[in-house]
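*Asks:* After the structure tokens below, expect a handful of questions from me.
The values are calculated or read from the model by the stated rules, or taken from the named source; none is laboratory data. Bear in mind the structure is a predicted one, so any value in this text is a computation, not a measurement. Backbone-built Cβ (ideal geometry, glycine too); neighbour counts: all protein chains shown. We work out accessible area using only protein heavy atoms, side chains counted, and drop any ligands, DNA or RNA first. Shrake-Rupley method; radii C 1.70, N 1.55, O 1.52, S 1.80 Å.
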Amino acid sequence: MNILQWQQRFEAWLKDNHATGDAAHDLSHFRRVWQSAQHIMAEETADPLVVLTACYFHDIVSLPKNHPERSRSSQLAAQKTLQILAAFFPDFPASCFSAVAHAIEAHSFSANIAPQTQEAKIVQDADRLEALGAIGLARVFAISGSLGVALFDANDPFADHRPLNDKAWALDHFQTKLLRLPDTMQTEKGRELARHNAEFLLQFMAKLSAELQGDSTGVDEHVLSRFRPHL
């Protein structure tokens with residue numbers, strides 16, 4: 001069975017069994033992560049079936065960001081994935097189980113599990129690319145809105161005079177996590193794509209800063225010079 005056939009089977013199962021109101025971790029998210037993984041795999045040697053499977057099931061369990069056990073989501077997802085494969089895909093090679101489980105466990109930022117295989121590195125990079133660029137921008141505000149988090153601190157939007165707190169202000173998440181992601185990428189292609197997409201977020205921050213100062217057409221060069229060295 002080729003990779004496309006496995007992808008079609010996984011998607012069919014997910015459509016029937018993984019209905020979710022979480023737009024940040026739905027079937028379209030799994031597809032995009034797999035697309036990014038294929039771009040990265042073009043320059044890496046890895047088992048495509050392991051990567052495909054981990055991309056499609058890495059968020060089969062995804063606890064809310066404010067859940068006390070959020071950091072265990074990827075481990076729970078790995079356990080559930082192996083159960084699904086055994087029960088619904090009996091022809092899936094058991095020899096791939098451990099590699100799939102590790103790639104899923106290691107993809108999570110909050111789990112802080114270092115990827116030990118090339119497949120895990122690719123999946124981690126592909127998933128983190130979702131947090132950057134236009135899609136990442138949409139996701140951070142969609143998730144924050146669902147949690148009742150304010151867009152930004154109007155009095156100090158870039159935390160010049162206060163501690164960062166992305167549980168209170170969505171914009172803080174850019175500094176606490178998103179702009180740090182390029183340095184966490186495991187593959188050369190992943191780093192290249194991450195830096196490119198992080199630049200989009202930086203431009204958004206500079207445009208927002210300008211608008212908050214009453215300039216509706218410009219960008220805040222101070223914000224660009226302040227945060228660009230982090231990329």
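*Asks:* Of all the residues that make up the stretch 124-147, how many are part of a helix (DSSP H, G or I) and over 13 Å from residue 184 (Cα atoms)?
*Replies:* Of the residues in the stretch 124-147, the ones part of a helix (DSSP H, G or I) are 124-129, 133-146.
Adding the requirement that they be over 13 Å from residue 184 (Cα atoms) leaves 133-146.
Total satisfying the criteria: 14.
*Asks:* Tell me, which residue of the stretch 192-231 that is touching a Ser or Thr at 6+ places or on another chain (Cβ under 9 Å) and closer than 22 Å to residue 114 by Cα is most open to solvent (accessible area, probe 1.4 Å)?
*Replies:* Within the stretch 192-231, the match that is most open to solvent (accessible area, probe 1.4 Å) is 193.
*Asks:* Right, another one. Scan the stretch 127-135 and tell me whether some residue there is without any contact (Cβ under 8 Å) to a residue 60 or more places away in the chain, touching a helix residue (DSSP H, G or I) at 6+ places or on another chain (Cβ under 9 Å) and open to solvent by 70 Å² or more (accessible area, probe 1.4 Å).
*Replies:* No: zero hits.
*Asks:* Separate question: Provide a single number: the residues in the stretch 89-114 that are among the small types (Gly, Ala, Ser), open to solvent by less than 50 Å² (accessible area, probe 1.4 Å) and part of a loop (DSSP other than H, G, I, E, B).
*Replies:* 2
*Asks:* Next up: Scan the stretch 74-88 and give yes if some residue there is hydroxyl-bearing (Ser, Thr, Tyr), at pLDDT below 95 and open to solvent by 10 Å² or more (accessible area, probe 1.4 Å), otherwise no.
*Replies:* Checked the stretch 74-88: no residue is hydroxyl-bearing (Ser, Thr, Tyr), at pLDDT below 95 and open to solvent by 10 Å² or more (accessible area, probe 1.4 Å).
*Asks:* Just the residues that are out of contact with any Phe, Trp or Tyr (no Cβ under 9 Å at 6 or more places or on another chain), in a helix (DSSP H, G or I) and open to solvent by less than 40 Å² (accessible area, probe 1.4 Å), please, taken from the stretch 149-188.
*Replies:* 173, 176, 178, 182
*Asks:* Now for a separate question. Any residue at all in the stretch 27-42 that's outside any helix (DSSP H, G or I) and either farther than 24 Å from residue 192 by Cβ or touching a strand residue (DSSP E or B) at 6+ places or on another chain (Cβ under 7 Å) (or both)? Before the answer, list the steps.
*Replies:* Here is the first cut: in the stretch 27-42, the ones outside any helix (DSSP H, G or I) are 42.
Now restrict to residues that are either farther than 24 Å from residue 192 by Cβ or touching a strand residue (DSSP E or B) at 6+ places or on another chain (Cβ under 7 Å) (or both): none.
Scanning the stretch 27-42 turns up no residue that is outside any helix (DSSP H, G or I) and either farther than 24 Å from residue 192 by Cβ or touching a strand residue (DSSP E or B) at 6+ places or on another chain (Cβ under 7 Å) (or both).
*Asks:* Show the residue pairs meeting these rules: Cβ distance below 8 Å; 6+ apart or different chains; first residue within the stretch 148-166 and more than 16 Å from residue 209 (Cβ to Cβ); second residue open to solvent by 50 Å² or more (accessible area, probe 1.4 Å) and outside any loop (DSSP other than H, G, I, E, B).
*Replies:* Pairs that qualify, where the first residue is more than 16 Å from residue 209 (Cβ to Cβ) and the partner is open to solvent by 50 Å² or more (accessible area, probe 1.4 Å) and outside any loop (DSSP other than H, G, I, E, B), are 149/169; 150/169.
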